[in-house]
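K.L.:
Just dropping this structure here.
The values are calculated or read from the model by the stated rules, or taken from the named source; none is laboratory data. On a predicted model such as this, the values are computed, not experimentally measured, just so you know. Heads up, the Cβs are rebuilt from the backbone with ideal geometry, glycines too, and the neighbour counts pull from every protein chain shown.
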2 protein chains.
Amino acid sequence: MSTYLIAEDDVLHRGFLREVMALGEIDCEQVIEAENGEDAIRLAHEHELKGVILDLQMPKKTGVQAAKAIWAENPAMPIIFWSNYADEAYVRGVARIVPAGATYGYLLKTASKDRLRRAIQCVFVEGQNIIDREVRGLQKRGQKGSDELTEVEYEILLDIAIGLTDQAIAARRNMSMRSVQGRLQQLYAKLGLASLPLMSDGRAVFNSRSRAVAMALSSRIINSKTIEIAESEYQQDPERGLRRSAGHQSG
Amino acid sequence: MSTYLIAEDDVLHRGFLREVMALGEIDCEQVIEAENGEDAIRLAHEHELKGVILDLQMPKKTGVQAAKAIWAENPAMPIIFWSNYADEAYVRGVARIVPAGATYGYLLKTASKDRLRRAIQCVFVEGQNIIDREVRGLQKRGQKGSDELTEVEYEILLDIAIGLTDQAIAARRNMSMRSVQGRLQQLYAKLGLASLPLMSDGRAVFNSRSRAVAMALSSRIINSKTIEIAESEYQQDPERGLRRSAGHQSG
DNA sequence: TCAAGTTTTGCGGGTTCCCGCAAAATGGAC
DNA sequence: GTCCATTTTGCGGGAACCCGCAAAACTTGA
């Protein structure tokens, strides 16, 4: 019995996915559906699945959170992420939770029916990883060269985005205030806050801290959802420094 | 010749709208389509339309921006807003640009085909205004009672969201720094920052300024798009105080 | 083990932010 | 005009933030 799970809140998109799965190109005897992240996690737990398609934006839990739970139980589960946007926030969210050697794909909703069909074939049947072209450009990030944010910079960005003070960040990450400020300086530099305009009287127009968040939002490095998740992580575990979770990402 | 315009970037949703329009319940001889805000504005300018359906989230220009342009040319144009979310940010965005006596509707995408059909009938044929139930709860805002934000509070919220300093806000809005800070205090109170947690040593965990933005984001009072728009308004016209645009909203 | 590179930390001080208090200024209502 | 409610402003001080500088501390490799 080969069962697949589709998790997608929008009715039309869900219908579309169902339709493509039903084309009969892959061995698919049953498709079950979820319209929010929690249901997706529950259903994945209750059924023995061959693969999962997850929308990234869903009520209750995001696709990333659902994937994390599913992979925690079965790291070999093939997952296709199916998203509206190629925002760095999403891509980074996915990249952070992919276990080593996992099979997955990242497709945009603008993809044609054909491309989706092929992706399903590749990921679910042949076990290949498929990443949409627009998304791939964002993949190499998190490293360290270039002008992109490193993991620590990203962490501290989220910390100020949820409104923590230097003091609170220092406590949370187990470091001195001065180090926090040092990292913030790095972050500001990366986000291009070095060359901020001044007012006629020579005073600054922008508050670096708030400005950094604004720029990160508008360049899609983070988004509201990212902030909410960071917030709830903080609420659960305010005193904890960064703990590396699962593994690395695979090619 | 009765022509209607549909502006919606998602293919499936666009197809759905087209289908419902084609049910033949209203006198509709032609439906033209746009997949972004700019095209919508252009097409509305080029054609003589009987009505418009606008998705709120589109590339290039948002539905709100498109509506503003369309109404600037013809304030009597019936417009149905068709949105994924009932966020206050969107509702407020629409409420701010509705000209006096305009005919419009606000529907969520979760609405059934039937509800959409009825809304189209009501707005385009009978000239009634239809506001989705979940949305209506947010309508009364902008007034002054209660715990909701007034217009000035909302303005200053956007100012700090784009990263302006007190100084810069004061210059922009033509007031003293102390007044800016006073308004910020109001804002913080409304957003519930009064009762913030303290650290064990009695120091604050949160930076009010950043925290306010975070809370406004997570309670959907503003969103990334709102901030981007505020930003571009600022870029165009940094020195200008608040200028009231068009009219009031109608019943 | 040592040297070279990176990160963290302390110090110091200038700026900005936050906010209580109370005196002006403003805006209606009568 | 007078009276009242609201808003704006100045003052003042404490906290938080930003950042240059240079000394520790940690990493990495040979």
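K.L.:
Name every residue in region A:145-175 that is among the β-branched types (Val, Ile, Thr) and within 9 Å of DNA strand D (Cβ to nearest atom), in order of residue number.
P.N.:
A:Ile160, A:Thr165, A:Ile169
K.L.:
Residues in region B:23-31: is at least one under 23 Å from A:Asp10 (Cβ atoms) and of a type outside the set (Val, Ile, Thr)?
P.N.:
yes
Residue-by-condition table, conditions (1) of a type in the set (Lys, Arg); (2) outside any loop (DSSP other than H, G, I, E, B); (3) touching a strand residue (DSSP E or B) at 6+ places or on another chain (Cβ under 6 Å):
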position	(1), (2), (3)
B:Ile6	no, yes, yes
B:His13	no, yes, no
B:Val31	no, yes, yes
B:Gly101	no, no, no
B:Gly105	no, yes, yes
B:Ala111	no, no, no
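K.L.:
Got a number for residues in region B:155-174 being more than 13 Å from every other protein chain (Cβ to nearest Cβ) and either within 12 Å of B:Tyr234 (Cα to Cα) or modelled with pLDDT of 90 or more (or both)?
P.N.:
Of the residues in region B:155-174, 2 are more than 13 Å from every other protein chain (Cβ to nearest Cβ) and either within 12 Å of B:Tyr234 (Cα to Cα) or modelled with pLDDT of 90 or more (or both).
K.L.:
Additional query: If a residue must be farther than 17 Å from A:Ala168 by Cα and surrounded by 19 or more Cβ atoms within 10 Å (Cβ to Cβ), how many such residues does region B:191-214 contain?
P.N.:
Total meeting the criteria: 2.
K.L.:
Do you know which of the residues in region B:163-190 that are at negative phi and touching a strand residue (DSSP E or B) at 6+ places or on another chain (Cβ under 8 Å) is farthest from DNA strand C (Cβ to nearest atom)?
P.N.:
Step by step, filter region B:163-190, then rank; the result is B:Arg172.
K.L.:
Let me ask another. Kindly provide the set of residues from region B:176-222 that are within 10 Å of DNA strand D (Cβ to nearest atom) and in contact (Cβ under 8 Å) with a residue 24 or more places away in the chain, ordered by number.
P.N.:
Correct list: B:Val180, B:Arg183, B:Gln186, B:Ser208, B:Arg209.
K.L.:
Restricting to region A:42-73, give me the number of residues that are loosely packed, with under 14 Cβ neighbours inside 10 Å, in contact with a helix residue (DSSP H, G or I) (Cβ under 9 Å, 6 or more places away or on another chain) and over 26 Å from A:Asn223 (Cβ atoms).
P.N.:
Matching residues across region A:42-73 total 2.
K.L.:
With respect to the numbered conditions (1) touching a strand residue (DSSP E or B) at 6+ places or on another chain (Cβ under 9 Å); (2) surrounded by fewer than 22 Cβ atoms within 10 Å (Cβ to Cβ), which one is the sole condition not fulfilled by B:Trp82?
P.N.:
For B:Trp82, the failing item is (2).
K.L.:
Among the residues of region B:2-47, which ones are more than 19 Å from B:Trp71 (Cα to Cα) and either outside the structural domain of B:Lys61 (by TED's automatic domain parsing) or among the polar types (S, T, N, Q) (or both)?
P.N.:
The answer is B:Gln30, and nothing else.
K.L.:
Sticking with this structure for a sec: Being at negative phi and either within 14 Å of chain B (Cβ to nearest Cβ) or modelled with pLDDT of 90 or more (or both) is the requirement here; does A:Glu228 meet it?
P.N.:
Here the answer is yes, as A:Glu228 does meet what is asked.
K.L.:
What about B:Gln143, is it farther than 29 Å from A:Ser218 by Cβ, within 16 Å of DNA strand C (Cβ to nearest atom), among the polar types (S, T, N, Q) and at pLDDT below 80?
P.N.:
For B:Gln143, the condition - farther than 29 Å from A:Ser218 by Cβ, within 16 Å of DNA strand C (Cβ to nearest atom), among the polar types (S, T, N, Q) and at pLDDT below 80 - is met.
K.L.:
Can you list residue pairs whose Cβ atoms sit under 6 Å apart, with the first residue in region A:154-171 being under 19 Å from A:Thr226 (Cβ atoms) and the second being of a type in the set (A, V, I, L, M) and within 11 Å of DNA strand C (Cβ to nearest atom)? Count only pairs 6 or more apart in sequence or on different chains.
P.N.:
Pairs that qualify, where the first residue is under 19 Å from A:Thr226 (Cβ atoms) and the partner is of a type in the set (A, V, I, L, M) and within 11 Å of DNA strand C (Cβ to nearest atom), are A:Glu155/A:Leu242; A:Asp159/A:Ile169; A:Ile169/A:Val180.
K.L.:
Turning to a different aspect of this structure: Is it true that some residue in region A:26-41 is within 14 Å of chain B (Cβ to nearest Cβ), without any contact (Cβ under 8 Å) to a residue 40 or more places away in the chain and buried (at least 17 other Cβ atoms within 10 Å of the Cβ)?
P.N.:
Yes: region A:26-41 contains one or more residues that are within 14 Å of chain B (Cβ to nearest Cβ), without any contact (Cβ under 8 Å) to a residue 40 or more places away in the chain and buried (at least 17 other Cβ atoms within 10 Å of the Cβ).
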